[in-house]
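The block underneath contains the structure these notes are about, expressed in structure tokens.
Values quoted throughout were computed directly from the atomic coordinates according to the rules given, and no laboratory measurement underlies them. This is a predicted model, so every value here is computed, not measured. In this analysis, Cβ positions are derived from the backbone assuming ideal geometry, glycine residues included, and neighbour counts consider all displayed protein chains.
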Amino acid sequence: MKKSFIKWLLPTVIVLSACSKDDAPPTPPAVQPAKGLYILSEGTLNDSKLGFYDLTTSTITGDFFLQQNPTQTGIGQYANDMIIYGSKLYI
């Protein structure tokens, strides 16, 4: 009886000690939105630009769209409206 108990006790202890709770995933740091203004310029013939004026540092980023999207060639020809919905800016 004692040998049978040890035969079951050893595998049970090994199986239960192998189980552990998953670690909680790390929370990403909160992103503080920049305080500023988006400036949309229609331009001429496929030359629309999106600029950004930072209110805290009083600096202007002239071609903000291309800075944020380096693989794109530009906004397009007639960018005349923009809207912010949630955390996205649609042009």
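Taking Lys35, Lys21, Lys49 as the candidate residues, the one with maximal mean-square fluctuation in a Gaussian network model of the chain, Cα springs under 10 Å, is Lys21. Helix 2-18 axis versus longest C-alpha principal axis of the chain: approximately 10°, rounded to the nearest ten.
In segment 34-91, the convex hull through the Cα atoms has an average projected area of 4.1 nm², a quarter of its surface area.
Taking every C-alpha pair closer than 8 Å and separated by at least 6 residues, the mean separation divided by the residue count of the chain gives a relative contact order of 20 percent.
Here the Gaussian network model covers the chain, with springs between Cα atoms less than 10 Å apart; of Thr57, Thr71, Thr27, Thr27 fluctuates the most.
The calculated FRET efficiency for the pair Ala24 and Tyr85, based on their C-beta separation and a Förster distance of 25 Å, comes to about 0.20.
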